[in-house]
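The values are calculated or read from the model by the stated rules, or taken from the named source; none is laboratory data. Note that the coordinates shown come from a computational prediction; the quantities given were computed from them, not determined experimentally. FYI the Cβ positions are ideal-geometry reconstructions off the backbone, even for glycines, and counts take in every protein chain you see. When the accessible area is computed, the model is the full protein with side chains, heavy atoms only, and any ligands, DNA or RNA have been set aside. Shrake-Rupley method; radii C 1.70, N 1.55, O 1.52, S 1.80 Å.
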Amino acid sequence: MTTAPDQRALWTTGAIAAAVAGRTTADLAVTGVAIDSREVVPGDLFVALAGRTSDGHAHAARALRAGAAAALVHRPCPGLAIDDRRLVHCADTHAALVALGAAARDRSPARRVGITGSAGKTGTVRALATAVAAMARPHASVRSFNNHVGVPLSLARMGATADVGVFEIGMNAPGEIAALADQVRPHVGIVTSVGAAHLGAFPNEAAIADEKGALFRHLAPGGTAIVNLDAGHADRLIAIAREAGVGRIVTVSLDDPTADVHGLRADLRADGTRLAVAIGGRHLALKVATPGRALAGNALAVLAAAEALGLDPAMAGLALARLTAGPGRGRLVTIPVAGGTATLIDESYNANPLSMEAALATLGRRAPAAGGRRVTVLGDMAELGDEAAARHRALSGALKGARVAEVIAFGPLSALMGRAAGLPVLELAEPAAAAEAVRARLAPGDVVMVKGSNAGGLGALVEALTRPGRVQSLAGFWAVDERAA
Ligand SMILES: Nc1ncnc2c1ncn2[C@@H]1O[C@H](COP(=O)(O)OP(=O)(O)OP(=O)(O)O)[C@@H](O)[C@H]1O
Ligand SMILES: [Mg+2]
């Protein structure tokens, strides 16, 4: 099969200059967009963002050497002539990235889905993109690219041929969701959950719900708002959607039979959830291959979104049996310990009270092998303001409920959480250097879950613990035995 070059190109530098009110002397094709010179792949447009700690203009020459086809800049770059034909000059590269994202949105026929929430954004983005792939050509945000850079970058990467765009939208502070949602202008908005994430920046959880609900104020006309009734503050979210005059409000729930999409049965197992779902007058039976009640709830939102996009929810449901948990987000790895192996649940990417509770419940359902115990390696949950200690202590019940035998704590708040549960606590520092100390506490058959806020550096600990390790398939017959790096 041949593809004409103009169909393969994501952008041309001429089109980029037009979209960002910039200047360039050539019309070169680019096939991707990158903001980190170390991640450039040949053909990319490199956008030289000027951050607080580093300035992309210092790396533009390196990006072009690495194969970038063009660079978007707003000041002279060391090692590059000002009239280099690969440069697109603009007034401000961040504003230009936003303009390029808007141009991608406006040229594309894709129906857009915006996903926000205190926990479950990335997982739901991946699940929805997987679910619709058999019926449409999805484009989706990668990693957790959900902020003032990640959202316009994800938009700018959307090709003209995508027909569904799935975007993660996040926030650290008031007002951010509105600004980012206005860039995406989704046809379908999902709020996965509302909880005490970034509580330090808000007076209370209701204010966090209002912030998340801002997504619904920025839907495209006639758009669909999807609300999970089992998540906190659902009434508040529904009121915001009503007030915003959205086209349709679709509720989902595992508990409430009046929800538009209702999980009739949820059989929660260690390797996933068997779900029976009532949607649009039909009953579907499906398997969600990523375990946990929270993720089963997210799956209902995925089915609702597929339906809102005009796609068959039954086909979408089938695909959920092929989901795999990503690094840092529930991936299972077999790791070596003295005398055998243990199972590591890698939740190292991030933590807040909501996701901690969900992950502990899932840990509680995973039985250790004979003679093994459940162990948690915890990092402190960040950005909880004055409530930090209380919010950690409040999770002691979830630790006990999961029948955890020991807590290894990186940080005083994690230690507090373990002690409040009456568990033995080993306090360690510097996760990157602690792998052997952690491994020494583990015995064959143990299940160890590693979870903490991103800033705590538990990712480096997991990397060291899993070397050499083996990623376990969650559901048996796909993604078998990928070797861990
Ligand atoms: N609806 C939910 N309610 C509570 N916890 C959830 C929910 N969905 C997912 N989680 C938990 O949150 C963890 C993080 O999920 P995910 O990475 O999808 O969240 P995120 O919102 O993208 O996070 P971040 O803000 O760090 O980007 C999951 O591993 C799971 O344990
Ligand atoms: Mg995320």
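What the phi angles of segment 143-155 give under the Karplus curve with 6.51, -1.76 and 1.60, with θ = phi - 60°, is a coupling list of 6, 10, 6, 10, 10, 5, 9, x, 5, x, 4, 5, 5 Hz, glycine and proline written as x. Shape summary: the chain maps onto an equivalent ellipsoid whose semi-axes, from the alpha-carbon gyration tensor, are 37, 28, 22 Å in decreasing order. By the combined test of axial Cα extent (at least 18 Å) and Kyte-Doolittle hydropathy (mean at least -1.0), the qualifying DSSP H helices of the chain come to 93-107, 205-217, 293-308, 353-365.
Roughly how many debye, to the nearest 20, is the charge dipole of segment 108-322 about its Cα centre, given +1 on each Lys and Arg Cβ, -1 on each Asp and Glu Cβ, and no other charges?
Details: 20 positive and 17 negative charges, 124 e Å.
Dipole size: approximately 600 debye.
Roughly speaking, what is the stretch gain from residue 173 to residue 53, that is 0.36 nm per residue apart minus the C-alpha to C-alpha distance, in nm to one decimal?
Numbers: separation 120, 0.36 × 120 = 43.20 nm, distance 2.03 nm.
Value of the extension gain: 41.2 nm.
I'd like to know which of 35, 215, 77 lies farthest towards the positive end of the charge dipole of the chain, counting +1 on Cβ of Lys and Arg and -1 on Cβ of Asp and Glu. Farthest towards the positive end: 35. Computed from label points 7 Å out along Cα-Cβ, the spacing between residue 143 and residue 283 is 4.5 nm.
As a ratio to 2.2 N^0.38 Å, the alpha-carbon radius of gyration computed for segment 203-296 takes the value 1.19. Packing, taken as the mean count of other beta carbons within 10 Å per residue, orders the peptides 21-29, 152-160 from highest to lowest as 152-160, 21-29.
Can I get the semi-axes of segment 108-322's equivalent ellipsoid? Compute them from the C-alpha gyration tensor as square roots of 5 times the eigenvalues, in angstrom, largest first. Intermediate results must be reported in sequence, preceding the final value.
Details: eigenvalues 112, 82, 51 Å².
Calculated on Cα positions only, the semi-axes equal 24, 20, 16 Å.
Within the P(r) computed for segment 5-99, what percentage of the Cα pairs occupies the region above 20 Å? For segment 5-99, the fraction of Cα-Cα distances above 20 Å is 24 percent. Distant-in-sequence amide contacts of residue 111, defined by a placed amide H-H separation under 5 Å and a gap of 5 or more residues or a different chain, comprise 164, 165. Whole-percent P(r), segment 142-232, all Cα pairs, 5 Å bins from 0: 3, 14, 24, 24, 21, 9, 4, 1, 0. All Cα-Cα separations within segment 350-444 were binned at 10 Å from zero, giving a P(r) of 16, 50, 30, 3, 0, each value a whole percent of the pairs. Under a model in which nothing but the beta-carbon of Lys, Arg (+1) and Asp, Glu (-1) is charged, the chain shows a dipole of about 900 debye around its Cα centre. Annotation: for a label point projected 7 angstrom from Cα along Cα→Cβ of residue 455, residues of segment 409-429 with backbone N closer than 17 Å are 410-415. For residue 250, the amide hydrogen comes within under 5 Å of the amide hydrogens of 225, 226, 227, counting only partners 5 or more places away or on other chains and with H modelled in the peptide plane. Couplings 3J(HN,Hα) for segment 368-374, derived from phi with the Karplus relation 6.51 cos²θ - 1.76 cosθ + 1.60 (θ = phi - 60°), are x, 5, 3, x, x, 10, 9 Hz, where x marks Gly and Pro. Cross-link reach is defined here as a Cα-Cα straight distance under 25 Å, omitting same-chain residues fewer than 8 places apart; for residue 287 the lysines meeting it are 121.
Based only on Cα atoms, what mean projected area does the convex hull of segment 235-389 have, in nm²?
Values: hull surface 48.4 nm².
So the Cα hull casts an average projection of 12.1 nm².
Accessible area per residue (1.4 Å probe, heavy atoms of protein chains only) ranks 169, 82 as 82, 169, with the largest value leading.
Quick check on packing: order 297-309, 190-202 by the mean number of other C-beta atoms within 10 Å, highest mean leading.
Sorting 297-309, 190-202 by mean packing, highest first, produces 297-309, 190-202.
Taking θ as phi - 60° and the Karplus parameters 6.51, -1.76 and 1.60, the scalar couplings of segment 421-432 work out to 8, x, 9, x, 10, 9, 9, 10, 10, 6, x, 4 Hz in sequence order, x denoting glycine and proline.
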